[in-house]
Amino acid sequence: MSNDQSAISPSPRENAVITGAASGIGAAVARRFRERGANVFLLDRDMPSLHRSFGNADDSKAKLFEADVSDTAQIKDIFAEIERCHGGVDSVVHCAGVARLGTVIEMDEATFDFVLKVNLKGTFLLAKHAMPSLLARKGSFTAIASDAGTQGASGYAAYCASKHGVVGLVKSLALDHGPSGVRCNAICPGFVETPMLEQLFGDNPTDRAFYEKSVPLGRFARPEDVAELAAFISSPAGAYLNGAIVALDGGSTAGYFSTAVLSR
Ligand code: NAI
């Protein structure tokens with residue numbers, strides 16, 4: 001499941017687990033944590049892409065795991081292995097997720113189940129199997145939710161349901177485990193320039209331009225914007241953040257936008 005485990009040895013360095021690290025936001029978070037000197041344990045179901053981005057054999061601070069975040073046995077085994085070989089986990093940034101569009105009329109039941117399984121059950125499994133280690137090391141758990149986790153979005157029934165679930169779960173985690181020193185938070189991005197966004201807009205530049213114009217700051221987020229916030233939340237600078245559901249959307253969910261914004 002993992003590549004050579006001998007390279008990273010137990011050390012005072014931060015151990016950070018980052019899911020969805022093969023692409024987009026997860027890849028940017030992985031780069032940011034490596035920059036700050038963390039040992040990074042990178043999970044994705046897309047091993048070829050993970051290897052392309054982080055498979056440099058000389059990199060003694062990155063370990064790669066092929067795993068499906070909604071697979072109980074795989075997630076359990078990975079955390080057991082990190083505990084056994086590397087002493088435990090200080091930070092989790094859970095980025096893996098999927099988007100499928102459709103109203104309840106358009107979407108079949110299997111697609112709804114799939115989105116809920118990856119996005120919501122995946123968050124549950126990550127939190128469940130990371131928590132013993134996070135409790136022992138007073139660590140931090142950060143989930144990448146979405147502004148669709150705090151607001152409805154037309155045509156995103158399953159995605160919205162899953163991300164509202166993630167936000168609710170993170171709030172409960174913060175209340176359950178904050179008293180023992182584990183901080184649990186969620187980041188709610190608006191649109192971010194990643195392959196997921198390309199998949200959503202496809203070859204429809206009109207939609208893309210419309211939504212981009214509607215962001216008060218006039219642009220979509222970059223993956224690095226999300227990575228910077230994730231790095232802050234899990235650092236000592238974020239020591240008083242717990243149960244925070246942080247909008248990172250250029251002001252999109254701050255309220256209604258004005259005609260000045262739409263006419264630019
Ligand atoms: P992306 O599609 O570029 O990357 C997602 C990564 O997660 C991929 O590498 C994929 O292989 C992995 N993944 C998907 N399902 C998995 C599974 N079951 N097990 C393991 N890995 C799996 O997407 P992006 O944009 O980087 O999204 C990251 C997170 O941010 C997602 O949770 C998404 O819902 C959320 N988000 C994205 C926004 C956007 O506009 N791109 C906006 C708001 C939230």
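Of the residues PRO179, PRO189, only one is over 14 Å from the mean Cα position of the chain (by Cα) and closer than 22 Å to PHE232 by Cα; which? If you could, list the steps in order and put the result at the bottom.
Details: PRO189 fails: over 14 Å from the mean Cα position of the chain (by Cα).
Criteria check complete, one pass: PRO179.
Among (1) open to solvent by 10 Å² or more (accessible area, probe 1.4 Å); (2) of a type in the set (S, T, N, Q); (3) more than 9 Å from the ligand (Cβ to nearest atom), there is one condition SER91 misses while meeting the rest; what is its number?
(1)
Would you mind telling me which numbered condition in (1) more than 8 Å from the ligand (Cβ to nearest atom); (2) open to solvent by less than 30 Å² (accessible area, probe 1.4 Å); (3) aliphatic (A, V, I, L, M) LEU169 fails?
It is condition (2) that LEU169 fails.
Is one or more of the residues making up region 108-127 touching a strand residue (DSSP E or B) at 6+ places or on another chain (Cβ under 8 Å) and assigned to a loop (DSSP other than H, G, I, E, B)?
So the first thing to find is which residues in region 108-127 are touching a strand residue (DSSP E or B) at 6+ places or on another chain (Cβ under 8 Å), and the list is 111, 122-123, 126-127.
Keeping just the survivors that are assigned to a loop (DSSP other than H, G, I, E, B) gives none.
No, because not a single residue in region 108-127 is touching a strand residue (DSSP E or B) at 6+ places or on another chain (Cβ under 8 Å) and assigned to a loop (DSSP other than H, G, I, E, B).
Quick one: in region 115-130, of everything that is open to solvent by 10 Å² or more (accessible area, probe 1.4 Å) and more than 9 Å from the ligand (Cβ to nearest atom), which residue is nearest to ILE82 (Cα to Cα)? Before the answer, list the steps.
Pass one, region 115-130, residues open to solvent by 10 Å² or more (accessible area, probe 1.4 Å): 116-118, 120-121, 124, 128-129.
Subsequent filtering for residues that are more than 9 Å from the ligand (Cβ to nearest atom) retains 116, 120-121, 124, 128-129.
Details: LEU116: 27, LEU120: 23, LYS121: 21, PHE124: 19, LYS128: 15, HIS129: 11 Å.
Residue satisfying both the conditions and the ranking: HIS129.
On the basis of being open to solvent by less than 20 Å² (accessible area, probe 1.4 Å) and of a type outside the set (Asp, Glu), does ALA158 make the cut? Before you say what the answer is, go through the steps one by one.
On the way: open to solvent by less than 20 Å² (accessible area, probe 1.4 Å): yes; of a type outside the set (Asp, Glu): yes.
So ALA158 fits the description; yes.
Check region 131-149 and report whether any residue there is touching a Leu at 6+ places or on another chain (Cβ under 8 Å) and open to solvent by 30 Å² or more (accessible area, probe 1.4 Å).
no
Among the residues of region 176-204, which ones are more than 10 Å from the ligand (Cβ to nearest atom), part of a loop (DSSP other than H, G, I, E, B), in contact (Cβ under 8 Å) with a residue 12 or more places away in the chain and open to solvent by 10 Å² or more (accessible area, probe 1.4 Å)?
The one that is more than 10 Å from the ligand (Cβ to nearest atom), part of a loop (DSSP other than H, G, I, E, B), in contact (Cβ under 8 Å) with a residue 12 or more places away in the chain and open to solvent by 10 Å² or more (accessible area, probe 1.4 Å): GLY181.
Scan region 15-26 and report the pairs whose first residue is farther than 10 Å from ILE144 by Cα and open to solvent by 10 Å² or more (accessible area, probe 1.4 Å) and whose second residue is more than 7 Å from the ligand (Cβ to nearest atom) and part of a loop (DSSP other than H, G, I, E, B), with Cβ atoms within less than 9 Å and a gap of 6+ or a chain change.
GLY24/GLU193
Residue check, THR142 against (1) assigned to a strand (DSSP E or B); (2) modelled with pLDDT under 95; (3) not aliphatic (A, V, I, L, M), all met but one. Which one?
(2)
The values are calculated or read from the model by the stated rules, or taken from the named source; none is laboratory data. Since we're looking at a predicted model, the values are computed, not measured. A quick note on method: Cβ atoms are made from the backbone with ideal geometry, for glycine too, and the neighbour counts reach across all protein chains shown. Areas reflect the complete protein model, heavy atoms only, side chains present, ligands, DNA and RNA absent. Shrake-Rupley method; radii C 1.70, N 1.55, O 1.52, S 1.80 Å.
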